[in-house]
Amino acid sequence: MLRPLLLALALACPPATAAEPPPRDYANPILFADYSDPDVIRVGDDYIMVASTFHFSPGLPVLTSKDLVHWTIAGHALPRLPFGPAYDLPGPLDFDDSSARARLDPAMGHRYSAGVWAPSIRHHDGRFFIFFATPTDGIFMVSAEKPQGPWSSPVALVAQAGFEDPSPLWDDDGSAWLVHSKVGAGPLILRRMTPDGTRVLDAGTVIVEDPVNLPVLEGPKLLKRNGWYYIFAPYGGVEKGPQAVLRARDIRGPYEWRTVLAQGDTDVQAPHQGGYVETPSGEGWFAHFNSTGAYGRIVHLQPVRWIDDWPLIGEPVSATTGQPVATHRMPDVGRVHPTMHPQTSDTFDATTLGPQWEWNHNPVDTHWSLAARRGYLRLTAMYAPGFLAARNTLTQVHHGSASRTTVRMDVSALQDGERAGLAMLQVQPNWIGVARQDGVRHLVFASAGVETRGPRVDGTTVQLRQHVADQGVRYEYSLDDGRSFVALGEARPMRFSWWKGARPALFNWSTVDNSTTRGHVDIDRVQVETLAPIRR
């Protein structure tokens with residue numbers, strides 16, 4: 001009897017009159033895309049979200065919304081990852097295209113799985129602040145007057161490896177604080193910091209450490225409400241863990257805690273790590289990720305109810321804990337706003353890359369161009385021993401449970417030893433492309449480093465297509481400008497890699513190390529189609 005009574009009390013609202021339109025609903029996930037470790041705030045009528053980007057450059061995507069459900073990409077707060085030469089992908093790699101290993105080794109010449117982890121965004125004294133950590137470099141902050149930027153260069157608050165997940169708080173008395181964890185989800189550490197957010201003032205104090213009841217405690221988000229200090233923090237691991245909230249009257253603790261969101265009898269495993277935000281009408285909402293295999297960690301939105309100064313997130317299943325909702329009434333933001341979605345397709349007609357694009361590491365800017373041939377993206381080949389070591393691989397987040405991505409490219413300028421095409425960027429990657437050898441171009445399908453040659457390409461233009469469904473990918477090509485497509489290679493599984501979902505990618509690299517002549521590929525357009533509806 002407890003659950004029906006709780007539902008009746010918690011969801012009670014004034015009955016609709018005959019003159020009222022039916023309420024609009026949304027459905028989870030609100031973003032079927034790998035925006036992991038999301039944090040969200042409201043400033044005026046705008047909602048701003050940030051997420052982890054790890055080794056991708058530019059880093060720190062900034063998304064905006066008017067209703068908390070529909071989002072678009074405003075830009076990135078980190079144009080490049082300036083933390084060391086390994087972010088430029090100079091090699092060598094400790095694994096190749098055939099390997100299933102993807103370990104992070106600070107001594108190696110790459111930063112797959114490192115880079116930007118779990119940012120927090122806040123608005124203070126007229127500026128936006130984003131705090132983030134890299135596991136190999138330290139804790140950093142960037143700031144801007146507008147979400148679109150320009151953002152300041154990153155400032156190191158803690159120039160030391162081994163920390164993660166920082167979250168700031170400016171208190172009512174003018175003091176400023178920073179809470180963070182250790183790599184491996186260690187204890188929660190609290191530090192004083194300067195009001196401008198540029199320096200920490202002490203070595204930090206452990207305020208929460210309970211490996212028995214709160215194992216793998218990480219991703220803390222610090223806030224103050226009604227005189228209480230709260231830390232929203234998941235525990236139990238990214239695959240299965242629930243969401244906890246800790247509270248104390250003193251920011252230094254001691255903290256009491258409870259589980260406020262768990263999987264329950266839903267299929268949403270690990271409904272945790274995210275950000276809390278309130279609408280102008282006082283509604284509470286929690287945006288969090290859900291681990292979804294090769295698609296990555298996609299974003300769900302849960303209603304939040306406050307009972308005796310404790311939050312209860314989602315659909316109540318007990319007096320203290322909720323489970324994720326599949327659908328719910330839209331947030332009350334004052335009015336209905338037009339629907340918008342993150343950018344995907346591109347014809348490369350602009351003078352700058354669209355905000356959906358990120359490189360696999362920092363790019364070599366002399367080897368790509370939007371100006372060399374207007375209306376095309378030109379990728380100029382550089383030597384690499386394999387796809388994962390290739391620089392200037394351009395990628396974007398995958399959207400939806402099923403999709404079709406089609407690329408049209410001019411391959412007439414490829415040189416011997418070069419490969420160019422469309423890939424799935426992941427551990428044991430796969431791709432379809434055009435390779436030139438001895439002056440002849442052929443279609444190629446590659447999987448985990450093994451290449452299978454397809455038909456000869458006598459024309460200058462090819463279209464390549466990538467089909468995604470059921471966490472798998474298959475490829476097709478067209479030599480008649482899209483009038484017909486032919487399959488090449490077998491369907492391959494997608495993989496969750498380096499803490500990220502599998503992603504479509506554009507590439508061009510050379511297998512020849514001693515060549516002074518470099519060819520290029522000109523990409524005319526990328527068309528992304530969502531085949532399974534993204535529920536709203």
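For the chain, what does the accessible surface come to per residue with a 1.4 Å probe? Please give it in Å².
38
Going from most exposed to least, what order do Ser369, Ser345 have by accessible area with a 1.4 Å probe?
Solvent-accessible surface, decreasing: Ser345, Ser369.
At q = 0.14, 0.15, 0.19 Å⁻¹, what log₁₀ I(q)/I(0) does the range 384-474 have when each alpha carbon counts as one equal point scatterer in the Debye sum?
-0.51, -0.58, -0.93
Where q = 0.17, 0.19, 0.23 Å⁻¹, what log10 of I(q)/I(0) comes from the Debye formula for the range 294-419, counting one point per Cα?
-1.03, -1.21, -1.52
How high is the relative contact order of the range 385-456, given as a whole-number percent (alpha carbon pairs under 8 Å, six or more residues apart)?
Across the range 385-456, relative contact order equals 21 percent.
Could you pull out which residues in the range 35-75 have an amide N less than 11 Å from a spot 7 Å beyond the Cα of Gln148, following the Cα-Cβ vector?
Residues 74-75 fall inside that zone.
Largest first and in whole Å, what are the equivalent-ellipsoid semi-axes of the range 429-469 based on the Cα gyration tensor, each being the root of 5 times an eigenvalue?
Calculated on Cα positions only, the semi-axes equal 19, 14, 6 Å.
Find the eigenvalues of the gyration tensor of the Cα atoms of the range 228-317, then list the square roots of 5 times those eigenvalues as equivalent ellipsoid semi-axes, largest first, in whole angstrom. Write down the numbers at each step before the final one.
Working: eigenvalues 101, 48, 27 Å².
Here the semi-axes work out to 22, 16, 12 Å.
Would you mind calculating the relative contact order of the chain from Cα pairs under 8 angstrom and at least 6 residues apart, reporting the percent as a whole number?
Relative contact order here is 15 percent.
Rounded to the nearest 10 Å², what accessible area does Ser52 have for a 1.4 Å probe in the complete protein model?
That residue has around 0 Å² of solvent-accessible surface.
Taking just the alpha carbons, could you work out the radius of gyration and Dmax for the range 63-208, both in angstroms?
Calculated on Cα positions, Rg and Dmax stand at 16.8, 56 Å.
Taking the Cα atoms of the chain, what is the range of coordinates along each of the three principal axes, in descending order and whole Å?
Largest first, the chain extends 75, 60, 41 Å along its Cα principal axes.
Return the whole-Å distance between the Cα centroid of the range 25-58 and the Cα centroid of the range 250-326.
Taking the Cα centre of the range 250-326 as reference, the centre of the range 25-58 is 15 Å away.
State the Cα centre-to-centre distance between the range 467-485 and the range 107-148 in whole Å.
Cα centres, the range 467-485 to the range 107-148: 37 Å.
Can you pick out the pairs among Lys221/Lys500; Lys182/Lys240; Lys146/Lys182; Lys182/Lys221; Lys240/Lys500 whose Cα atoms lie more than 23 Å from each other?
On the way: Lys221/Lys500 21 Å; Lys182/Lys240 20 Å; Lys146/Lys182 30 Å; Lys182/Lys221 14 Å; Lys240/Lys500 17 Å.
Pairs exceeding 23 Å: Lys146/Lys182.
If we count GluC sites (Glu not before Pro) as exposed when they sit in a DSSP loop and have at most 12 other beta carbons within 10 Å, what is the longest stretch of the chain that avoids them all?
Within the chain, the longest run free of exposed GluC sites (Glu not before Pro) spans 240-489.
Rg and Dmax of the range 384-536, using alpha carbons, in Å: what are they?
Rg and Dmax of the range 384-536, Cα atoms, are 14.8, 52 Å.
Quick check on the range 119-200: take the gyration tensor over C-alpha atoms, sort the square-rooted eigenvalues as a ≥ b ≥ c, and tell me if it's rounded (a/c under 1.5), prolate or oblate.
oblate
The values are calculated or read from the model by the stated rules, or taken from the named source; none is laboratory data. As the structure is a prediction and not an experimental result, all values here were calculated from the model. Cβ sites come from the backbone with ideal geometry, for glycine too, and all protein chains shown count toward neighbours. Heads up: the accessible areas ignore ligands, DNA and RNA and are worked out on the full protein's heavy atoms, side chains in. Shrake-Rupley method; radii C 1.70, N 1.55, O 1.52, S 1.80 Å.
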